[in-house]
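The values are calculated or read from the model by the stated rules, or taken from the named source; none is laboratory data. Remember, it's a predicted structure, so these values are computed and weren't measured experimentally. In this analysis, Cβ positions are derived from the backbone assuming ideal geometry, glycine residues included, and neighbour counts consider all displayed protein chains. Side chains included, ligands, DNA and RNA excluded: accessible areas come from the protein's heavy atoms. Shrake-Rupley method; radii C 1.70, N 1.55, O 1.52, S 1.80 Å.
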Amino acid sequence: SSSKLPYGVRAKNHPNILVRKLFAIAEAKKTNVTVSADVTTTKELLDLADQLGPYIAVLKTHIDILSDFSPETTTGLKHLAQKHNFLIFEDRKFIDIGNTVQKQYHGGALRISEWSHIINCAILPGEGIVQALTQTATADDFPYGNERGLLILAEMTSKGSLAKGEYTTRSVDYARRYKKFVMGFVCNRALTEEQSTETSKSEDEDFVVFTTGVNLASAGDALGQQYQTPQSAVARGADFIISGRGIYAAPDPVEAVKRYQEQGWNAYLERVGL
Ligand code: 6AU
């Protein structure tokens with residue numbers, strides 16, 4: 001399966017331009033780390049992005065937790081993404097009818113489509129949410145064309161998560177139907193062999209797996225979060241590991257991100273046999 005192939009090989013064959021860029025960044029910087037920068041002021045966010053930028057492939061935001069969000073926040077993020085060559089992933093988890101999510105994604109107060117390369121959605125509403133976001137991002141007048149992608153939240157890391165079984169299989173079905181915009185999943189393992197009566201794996205299929213709940217110092221938190229190490233996440237199929245508090249709340253976040261980078265990268269080399 002594609003998870004045994006190096007990022008560079010997958011980049012060459014991939015039809016999606018943003019995925020090619022993501023794999024190229026991973027290869028160039030030797031990192032599969034996504035830092036989840038869940039801080040609550042613009043200064044903290046931009047400082048983190050600038051300090052950790054050299055060691056990460058993707059910076060993940062929750063833009064609605066900032067107490068002082070302004071256009072300067074996203075101007076700053078875009079500038080740092082260019083400076084350090086990383087992608088931005090706004091973890092908005094869209095979850096509504098198609099007509100609503102289109103307006104939440106493109107335009108609105110946060111203008112997410114303008115600055116975030118990657119977004120995610122949950123499929124609780126059904127296929128229509130994926131269809132609607134794909135429609136917006138592939139429209140002739142959508143200004144950011146090939147530089148945007150969608151991850152489907154197919155599983156969750158929290159205790160008692162209901163995103164399993166048929167829900168996860170459906171996530172894979174919808175990804176297969178809307179490949180033009182869906183680049184992969186947020187999930188805890190490779191879903192490539194997932195089959196339903198509706199869809200099966202096509203030969204050229206290569207979805208990107210982002211796995212969160214990665215932490216070297218802790219097994220979980222008091223609110224149901226469950227952690228694993230970079231090594232175990234990558235061995236189970238993660239192409240990119242997402243870590244928040246393990247990095248930004250460490251005594252020295254730069255030292256921490258380097259450790260996650262090294263462990264995530266070594267686990268990747270081992271998986272692909274390099
Ligand atoms: O490393 P942490 O626990 O500090 O942060 C984990 C980050 C948070 C969550 O909102 C997010 O990952 N997350 C997600 C995502 C990325 O969609 C899914 C999930 O199942 N669990 C999870 O923690 O920003």
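Here are a few things to note about the model shown:
- Among Q226, F210, Y105 the positive-end extreme of the charge dipole of the chain (Cβ point charges): F210
- Rg/Rg_ref, region 1-86, where Rg_ref = 2.2 N^0.38 Å and atoms are Cα: 1.21
- When the surface is traced with a 1.4 Å probe over the full set of protein chains, L162 keeps roughly 150 Å² accessible.
- In this rough spin-label picture, where each label sits 7 Å from Cα along the Cβ direction, the T40-T138 distance is 4.1 nm.
- In plain terms, the chain from D50 to E203 could stretch by 51.1 nm, reckoned as 0.36 nm per residue minus the Cα-Cα distance.
- What the Cα convex hull of region 37-154 gives, in volume per residue, is 102 Å³.
- Neighbourhood net charge (11 Å Cβ-Cβ; Lys/Arg +1, Asp/Glu -1) for V33: +4
- Mean sequence separation of contacting Cα pairs (under 8 Å, at least six apart), scaled by the length of region 136-189, corresponds to a relative contact order of 45 percent.
- Average Cα contact separation per residue, the chain, under 8 Å, 6 or more apart, as relative contact order %: 19
- Site-free segments of the chain were taken between GluC sites (Glu not before Pro) in DSSP loops having at most 12 other Cβ atoms within 10 Å, sites themselves excluded; the longest one is 1-192.
- Overall dimensions of region 164-274 by Cα: Rg and Dmax, Å: 15.7, 49
- Of the whole protein surface, K78 contributes about 80 Å² of accessible area at a 1.4 Å probe radius.
- q = 0.17 Å⁻¹: log10 I(q)/I(0) that the Debye formula gives for region 104-162, counting C-alpha atoms only: -0.62
- Estimated 222 nm signal from helices in the chain, with DSSP H stretches of n ≥ 4 weighted -39500 (n - 2.57), rounded to 500: -12000 deg cm²/dmol
- Accessible area of the chain belonging to carbon and sulfur atoms, whole % at 1.4 Å probe: 51
- All C-alpha pair distances within the chain, sorted into 10 Å bins from zero, spread as 7, 31, 39, 21, 2 percent across the bins.
- F69, F89, ranked by accessible area, largest first (probe 1.4 Å): F69, F89
- Estimated inter-spin distance, K78 and S218, nm [label 7 Å along Cα→Cβ]: 3.4
- Region 162-274: relative contact order as a whole-number percent, Cα under 8 Å and 6+ apart: 21
- Nonlocal amide H pairs with Y227, under 5 Å, H built at 1.01 Å: G220
- Computed about its Cα centre, the charge dipole of the chain is approximately 440 debye, with only Lys, Arg, Asp and Glu carrying charge at their Cβ.
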